[in-house]
1. Is it the case that the range 39-57 has a residue that's at pLDDT below 85, part of a helix (DSSP H, G or I) and surrounded by 10 or more Cβ atoms within 10 Å (Cβ to Cβ)?
2. Against the definition (without any contact (Cβ under 8 Å) to a residue 40 or more places away in the chain and under 19 Å from residue 60 (Cβ atoms)), how does residue 14 come out, yes or no?
Amino acid sequence: MALASPHITAIAIEATEFPDLARKYHVTGVPKTVVNDEVEILGALPERAFVEQALAGLRNRERETEGGEPGTGHRE
C-alpha cells in the first residue's frame, strides 16, 4: 500500500533486534502489522483481506472515539 500512495508510509522492524518495540506492540508472531498504533493485524494476508481488515479496524476505532458502542457504529 505504501508503494501505491504517497499518503501511506511503512516501516519494517526486525523484532529480535528491537526487543523493546516487540514488547511494546506485544509481538508474538510475524508478520505483525500495526496501523496508527490502533489496528493490529497478525499474519500474512492477501492484499484485499489486509486492506479490508485495516480499514474495518480504523472505522471501528473511529466509532468508539465518537461515543458509539464499540464495533456497532451506534451512539447511545
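1. yes
2. In short, no.
The values are calculated or read from the model by the stated rules, or taken from the named source; none is laboratory data. These numbers come from a predicted model, not from an experiment. Ideal geometry is used to build each Cβ from the backbone, glycine not excepted, and the neighbour counts take in all protein chains shown.
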